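Values in this text are rule-based calculations from the coordinates and carry no lab data. The shown structure was predicted, so the numbers you read here are calculated from the model rather than taken from an experiment. All Cβ positions, glycine included, derive from the backbone under ideal geometry; neighbour counts span all protein chains shown.
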Amino acid sequence: MEDDFSPSLTPPISPFMPEDVCEPITRPPCFTCVYEAGREDTHALSSDGYVSRGVLKRLLLKLDPFPACFETDTVDIFGFSWVTETALVESTKLLFGLFRQKVFRLETLVQSSSHDFGQASGLHYEAEELRQQCVLFLSYIKVFIHRFLDVSQPMDEGFVHPYSELEAKFPSSLVEELFGITLLIGRLKDLPSNVQSALTIHHQGKLFPPSWHLLHLHLDVHWAVLEILHLLGQKTMGQVVYAHQFVDLTGETLTNISLFEDHLKNLLCDLIGLAMNKYNKVRPTEALTSHHFYCICTKELWILLIHLLEHRSKTLHSQSFWGYLNALLQAVLKGAPSGDTGLPAHCKDPLGFTWWFLTHIAQLGMHSRNGSLQSEKQMEDNWSFVLELLKSSCDLKAALQEEQVRMHVHCCLSLSLLWGTNTSAVNTLWEYYSKNLNGSFSVPWLGVSGLGSISPTPLTLLEQAKNCCSPDPVTSASHLQLYRSANSFLIFLRMLALHLNQDSAPGAPWRQIKGRIYSKFHARRMAELSDSGLHHFLLLFLVLARCGDLEDAAGRASDLLTLLVPGSVSPTLCALQWRGQLALLLLFGGHGLDLAPLASKLSSSFTNAAREFYLKTTEPARRAALWQPLSAYLEGAAELWQTSTTLCQSEEALLGEGFGLLLPACRTSELNTALSFLLTALTQLRSVQQRFKQLGPSDCPSWAPPPSVVKERHLAVAVALWTHFFPFLRSLRLSQTPPPQLADAATGFTLLALDMPNSAPQDLQPHPLQSVMNSFGWDEMLCPLLVTRYLSNLLQNGELVGWMGSGSGSGSAQALCVRAWIRCVLQQHLHKTPDNSRAGKVLDEQLAELTRLVLRLPEVDSLLQRASLQAPTAGKHEPKPALALFIKSIGRVYSSLQLLSERSSLVCKALEYLGDVLKFIKPYLLNRSSDGLHLTYWTLGCVVKQWSPLLATTKGQPLLLRIVDVLLLPRSLLQQDKAPSTQDKTPSTQVLSALKETLPLYLQGLSIAASVSQTQGVYLRQQLRNVIVQYLSRFLPATPTAGAVANHPVLLSGCEATPSPRGAVLRKTIMQVLRDNFLQFKGHAPPPRLAAVLSFQLELLRRNNDSDPDLLTVTLPPVLRCLMLVNEPQVKRLSADCLQLMVERCLCAAGDQPCEQLISVFRTFVEENEGVYELQVYSVLETVAILSPSTVSTLIPDLSRCMRNTEQKRGLGRNISLRNGYKSLLALLGEAGQAELVSLEAD
C-alpha cells in the first residue's frame, strides 16, 4: 500500500464527495483561557476545556473520548477527506507529517507576527485554524484507538490482509510518531520568551497573537501524548509496546511506558519550573492568594494530571501522583543540579516554595473529575512528605525567621483543613513552640498588623482563643489573610483546635495531646515566662479548655498560674495573669459552671493587692504599678458581668472586701474606672432580674435555674454590692466636685432598692428607697452637679415615677424632687466660673434634662393643666422660663380654688416645693455673684407676685416677711440709713442691680398681699411703704432725667396698660409715700430733689389713666404748695403740669357734678394760708380757674371771708393790694365773680 504513495507529504487527491456525506466535525475540547463572564473571580475552568467537556471523566471510565464525533464513514482532517476507520493505520506517517506541517506553519506565524493591529485579526484566525486542525487530529487519534484499533487478533501463518499487517504494526508506529512529536514540540521551559509570555495574557478580548495559540497548542499536545499513551496501554491490556526504529534519550529501547514516564517527568518539571518562577515574585503575605499557575489552562492541566495519575495508581498499581511529585520536590529541596532533574537551577527559598507549591496542589486535588470543588478530598494525603518539611521548618539549627515560619505553618494549617489533621504534625509544632513560647512571633516589616497584643482584656483574650478554635475554610478571605492577622503561634493553635475537634474519635486527640502539653510546664518554666510567653500560655490553655476538657484544662491552668508568686512578678505580668484567670471564668460562665472555686482565689489576690494599694506607707511608684493589675481586674470583672445571662453562677465571689480598701485610696481617674465597674454590675443585675420577671416561672428556659434559686442568687449579688460599695458612695455624696459616675451609681442603688428593698442594709430600712433618694437627691447640702444628674437618671425610669405617683409609701417624693430642682436652678451659678466652663456646660445640659422630666411629673403636670398652661414639648427646656411657668401655675390654681381646705392644702404643698428657699440663696448674698443674684431676686420676685394671695395666709406670711427682711430690707440697708459712713455695710452694686430689675415684682406682690391679709395687713402695708421709701429714694436721681425717671423700678411697678383695682391700690400707696416722705416742706424750705420727685409723680400719673379723685388728690396739697412757694421754673412747670392733670381727671370723673375732693383740698389750701400767702394763693387759684372756673367759684364765700378776716386782724382797713389780687381772680369766675365784685365794692 505504501507503493501507492509518493514520498511527498501531500496526500492524494480525494474523490469528490457531496457535503452531506462528510460529517460536520464538532469543535473538540482544548486548553483555553478566553475570557468568560463570572469566571475570573472564581478561577473556574473553561467551559471548552477537557474537564468541563467530560474528557477526563470518560477517560477514567474507559468510555468513548468523543461519542458525538467521527461517526460518519469519512472524516475531514487537514483539509482532506479520510476513511474514518482506516486512515490512521493506512496513512500514519502522512497524517503525522501533515500535523508537523501545521505546527511548523504556526511557528512561522509566531516568528513573522508583528504588533500591527491591522494584521491582528488575520493572524488570530489563521493561527486559530491551524491549532484547531492539530487538536482535531489529536482527538481523532484518541477516538481511533478507542473505537477501531484491534490488537487482540493473532497473526495467522497463512494469508494476512495488508491492513491487518499494518494494524499489527500500528502501536509501535504510533509510539514512534508520538516520540517524534515530543521531540518536535520540545519542553515548555525551552519555549522562546515571547511564547512563554503568552501565559500572562488575561485580557477580555477575542483576538490573540499567534504565540498564544502556539503555547496552548503545546499544552494540548503534552496532554494528548499522555492521554493517547494511556489509551494505548488500555487497548493493549498492559502489554509493553516497543518502538522498532527509535530508542529513548537515555539509550534504552523506547516503549509506550518509558515514553509516558519520560514525558510525564518532563512535563511535571516544566510545570514546577513555571511555578517556581512565579514564586520568586510572591510575598509571604500573598502565599495563599497567589496561585502556582499562570492561567486557567495550566490549572486544568494539573487537575488532569492529578486524576490521571491517581487513576493509574489504583488500576495499574503504578506510582501515585504524590510519588512523582515528591521525588521532584526532594530534588528541589536538596538543590540537585538542573541537568540531572530538568528543574530550574535557581529558587530563592526552596523550603518555602515547597510549602507553597504543595498547598496549592493539594487545593487542586479537591476538584472532582467534573472540575467542581468538593469538600471531601479526592486523592490521598501527602502527610509523610509534609512531616519531613515540618521538621525542616521547626529545626532550631536552621533558625528560620518568623516571616518564613508563619507561612509554613499557615500552609500546614491549610493542608490540615484539606486532608484532616495529623497527630505527628501537631506534636512536631508543639515541640517547636514549647521551646519558643517567649518569642514575639512578629514580622517587623508587617508593622502592627502582625503583632499580637499582650495586654488584651479577658474578653478579647477569650475571643482570640475562640477564633483559634473555629478555623475558617481554606477558601475564605479570613483564612487567606491569616498571615497578616495572626502570628505563627496563633495559626498553630488553630491546628491544635482542629485536631482536638475531630469527630472521628471523640476524646482520643485530647488524651493524646494533653500529656505532651502539660509536661512542658512546671514551676521553673512558669517563672521563665515573659509577658508574651504568659500571653501565649493563656491562649494555649484557653484553646485546650474550649476544645478539650474544660474543667481539666482550666484547673491545670489555674494551678500553674498560682506558681507565679505575686511579689516576684512584674505588674504587667500580674495583670496578664489575672486577665487570663478572668478569661477562664468567662469560659466557665459560658458553659453554665459555678465560678466560686476559681473566683474566690482570684478575689483573694485582688484583696491583697488592694490592701497594699490602700496603705499610706506604699510608695507612689509602687501604687502606680499596683494599679495596672487592679484596673485589669476591674475591666475583666466588668466583662464577666456583662456576658453573664443569669448572674446565678456565684459572680458575687468577685466582690470581696478588696473593694472597700480600693475605693477610698483611688484618685479621680482611678475612681472613674472603679465606679464604671460598679455601674456595669448594677445595670446587669437589674437587666437580668427584669428579664426573669418578664419570663415568669412557667416561661423560664431550660438552661435557667429554678426561680427560687434565681431569687436567692440575685439577693446574694445585691447584698454584696450594698456591702462593699454603698458606704463609700455615701461618703462621697457631699463632695463639691463629685465624679459623674457617682450619680449614675447612686441611681443604680436607688433602682436596686426599688426592686429588692430587702437587700438594702439595716441603716436604710424600713424605707430604703426614700433613704437613698434623700441621701443623693433631696439633701440640701448636695452639689447641684450631683443632684441634676442623679434625678435626671431616676426620673427617666417609668417604674420609679409610677411609684411616686401611686402615693403608696412614696410620701412627698414628687414635692421633694421639685424642691431639689428649684434649688439646683437657683444654685446653678455657684458652679459656673470662667475657668471651669466645661462643668458649667455639663450642669446646663443636666439641668435642662431635669427640667424636662420635672415638668412631666404627675403632680406638676396636673398643676399645669389646672392652670391652663402648656409646658414646652420640643427643643431644649430652659430652667428659668420653666420655673416661672411652674410658679405661675400654682398662683393660678390657688386663685381658682374656692374651698378653704383645698386652699390650705395647696399652701402647704407650695411651701413644701420651695422649702427653705432663703437658705438656698444665701451663698449668693455672701459672694455677690451677679448672675446668681439676678436669678435669685427674679425667682423670688415671681413667687411674691404670683403667690401673693397664698403668701398672705397665716402659713405663708412667715416666708413673705423673711423675703422682705432678707432681700428687700436687709439689715445692711437699715444700718446704712442709721450710719451712712459705714462703707462696708453698703449693699453691693450687684444687689442693687438685681433689685432694680425685679423690684416691680415685689411691690406688686406685697401690695396684693397687704390688701388680702387678714392678720398682718397693717404690718405688710407698713413694710410695703418702707420698701417704696427705700428704693424710691435710692434710685431717684438728683435732677430729673428722662431715662432715670422713666425706668425707675417703683414707677414701673405702678404702671398698668389697663387700670385695675389692685394696681390703683399700689399707686395710691406710692402717692402717699411721695406725699409723706418726698414732698414735705421744712418751713419755707422745699424738700430735696423736688424737681425729680415731681417728674416721677407726673410720669406716674401720665402712664396710668386713673380717675379716682381720692388717688389723684393724695399729693395735690404739696403740689399746690410747690406752686405757691417755689419760684424755680422747672419746679413751677412740673407742679403746674401735675395740677392740670389732677384737676382734669377729677373733673372728668365727677362729670356734671362738682368734685368734692378737689373743693375740699382747695378750701383747706385757702384756710391754711390765710393771712400769710393770700396773694400767692390767688395766683395758684387763677391757674385752677383757667382749668375749672366752677370749682373756684364754689370757693368764693371762703375766699371773701378769709380776705375780710385778714383785713380785720391787721386793723388797717381795706387792703388795696390784697383786694386787687382777689378781684383779678374774681374776674376769671364769670357771673359769680362779678356778683362778688359788686359785694366787695359795697364794703
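Sort 119-131, 556-568 for me by packing, meaning the mean count of neighbouring Cβ atoms within 10 Å per residue, highest on top.
Numbers: 119-131: 16.9, 556-568: 14.8.
Order by mean packing, descending: 119-131, 556-568.
Along the stretch 994-1002, what does the Karplus equation 6.51 cos²θ - 1.76 cosθ + 1.60 (θ = phi - 60°) give for ³J(HN,Hα), rounded to whole Hz, x for Gly and Pro?
Residue by residue, the stretch 994-1002 yields 5, 5, 4, 6, 10, 4, x, 4, 5 Hz.
So what is the diffusion coefficient of the stretch 454-493 in µm² per second by Stokes-Einstein at 25 °C and 0.890 mPa s, using a Kirkwood Rh over Cα pairs? It would help to have the intermediate numbers written out before the result.
Numbers: Rh = 10.8 Å.
The Stokes-Einstein estimate is 227 µm²/s.
With an 8 Å cut-off on Cα pairs and a minimum separation of 6 or more residues, tell me the relative contact order of the chain in percent. Provide the component values of the computation, followed by the final result.
On the way: 1471 pairs, mean separation 53.0, N = 1243.
Computed value for the chain: 4 percent relative contact order.
What list of ³J(HN,Hα) couplings, whole Hz, do you get for the stretch 1051-1057 from phi and the Karplus terms 6.51, -1.76, 1.60, once you set θ to phi - 60° and write x for glycine and proline?
4, 5, 5, x, 8, 9, 5
So what's the angle, to the nearest 10 degrees on a 0 to 90 scale, between helix 879-896 and the longest Cα principal axis of the chain?
Relative to the chain, helix 879-896 is tipped by roughly 50 degrees.
Quick one: helix 423-435 against the long Cα principal axis of the chain, what's the angle to the nearest 10°, folded into 0 to 90?
The angle comes out at about 50 degrees.
Let me test this: with uniform point scatterers at the alpha carbons of the chain, what is the Debye-based log₁₀ I(q)/I(0) at q = 0.06, 0.07 1/Å?
Taking Cα atoms of the chain as identical point scatterers yields -0.78, -0.89.
Too long at a 21 Å Cα-Cα cut-off: which of K880/K996; K93/K189; K265/K334; K996/K1132; K1082/K1132; K841/K880? Can you show the working numbers first?
Details: K880/K996 19 Å; K93/K189 28 Å; K265/K334 18 Å; K996/K1132 30 Å; K1082/K1132 18 Å; K841/K880 16 Å.
Too far apart for the 21 Å limit: K93/K189; K996/K1132.
Return the tail of the calculated pair distribution for the stretch 915-1065, meaning the percent of Cα-Cα pairs more than 21 Å apart. Could you put the intermediate results ahead of the total?
Numbers: 5064 of 11325 pairs.
Tail of P(r) above 21 Å: 45 percent of Cα pairs.
Using a cut-off of 14 Å between beta-carbons, work out the net charge of the residues near K520 (Lys and Arg +1, Asp and Glu -1, K520 not included). Don't skip to the answer; put the middle values down first.
Working: positive: K435, K514, R516, R524, R525, R556; negative: E431, E528.
That works out to +4.
Using the Karplus equation 6.51 cos²θ - 1.76 cosθ + 1.60 (θ = phi - 60°), what ³J(HN,Hα) coupling, rounded to whole Hz, does each residue of the stretch 1017-1034 give in order, writing x for Gly and Pro?
Karplus-based 3J(HN,Hα) across the stretch 1017-1034 equals x, 5, 5, 5, 5, 5, 5, 4, 5, 5, 5, 4, 4, 4, 8, 5, 6, 5 Hz.
Along the charge dipole of the chain, Cβ charges K/R +1 and D/E -1, which of Q577, P739, S1190 sits furthest on the positive end?
S1190
Rounded, prolate or oblate: which one fits the stretch 1064-1153, using the alpha carbon gyration tensor with axes a ≥ b ≥ c (rounded when a/c is under 1.5, else prolate when a/b beats b/c, else oblate)? Could you put the intermediate results ahead of the total?
Working: a/c = 1.91, a/b = 1.53, b/c = 1.25.
Taking the square roots of the gyration eigenvalues as a ≥ b ≥ c, the stretch 1064-1153 is prolate.
Can you tell me which of 1041-1054, 847-860 comes out highest on packing, and rank the rest after it, using the mean Cβ neighbours within 10 Å? Before the final figure, lay out each step's value.
Working: 1041-1054: 17.9, 847-860: 20.8.
My ranking of the peptides, most packed first, is 847-860, 1041-1054.
Give me the orientation-averaged projected area of the Cα convex hull of the stretch 1156-1243, in nm², one decimal. If you can, show how the numbers build up before the last one.
Numbers: hull surface 20.2 nm².
Its Cα hull, projected and averaged over all orientations, spans 5.0 nm².
Highest mean first, what order results for 1230-1242, 292-304 on Cβ atoms within 10 Å? All intermediate terms of the calculation are to be shown ahead of the outcome.
Working: 1230-1242: 13.2, 292-304: 22.4.
Per-residue Cβ counts within 10 Å, averaged per peptide and sorted highest first, yield 292-304, 1230-1242.
Helix 458-469 sits at what angle to the longest principal axis of the chain, using alpha carbons and giving 0 to 90 degrees rounded to 10?
Approximately 20 degrees, to the nearest ten.
Between the stretch 51-65 and the stretch 273-328, what is the C-alpha centre distance in whole Å?
20
In the P(r) worked out for the stretch 622-670, what percent of Cα pairs fall beyond 16 Å? Provide the component values of the computation, followed by the final result.
Values: 540 of 1176 pairs.
Summing the P(r) tail past 16 Å for the stretch 622-670 gives 46 percent.
Normalized C-alpha radius of gyration of the stretch 265-320, against 2.2 N^0.38 Å? Working shown, then result.
Working: Rg = 13.6 Å, N = 56, 2.2 N^0.38 = 10.2 Å.
For the stretch 265-320, the normalised Cα radius of gyration comes out at 1.34.
How much mean residue ellipticity at 222 nm does the chain get from its helices, if each DSSP H run of length 4 or more adds -39500 (n - 2.57) and you divide by all residues, to the nearest 500 deg cm²/dmol? Numbers along the way, then the final one.
Values: 59 runs with 789 residues, N = 1243.
Per the formula, -20500 deg cm²/dmol.
Could you tell me which GluC sites (Glu not before Pro) in the stretch 358-434 are loop residues by DSSP with no more than 16 other beta carbons within 10 angstrom of their beta carbon?
On the way: sites: E376, E380, E388, E402, E403, E431; in loops: E376, E380.
Answer in residue order: E376, E380.
How large is the translational diffusion coefficient of the stretch 813-969 in µm² per second when you combine the Kirkwood radius over alpha carbon pairs with Stokes-Einstein at 37 °C and 0.692 mPa s? Intermediate results must be reported in sequence, preceding the final value.
Working: Rh = 16.2 Å.
It comes out at roughly 203 µm²/s.
Enter the mean projected area of the convex hull around the alpha-carbon atoms of the stretch 752-862, in nm², rounded to one decimal. Please report the intermediate quantities before stating the final value.
Numbers: hull surface 28.8 nm².
That works out to 7.2 nm².
Per residue, how much space in cubic angstrom lies within the convex hull of the C-alpha atoms of the stretch 766-820?
On the way: hull volume 3.9 nm³, N = 55.
Spelled out: Cα convex hull of the stretch 766-820, divided by residues, is 71 Å³.
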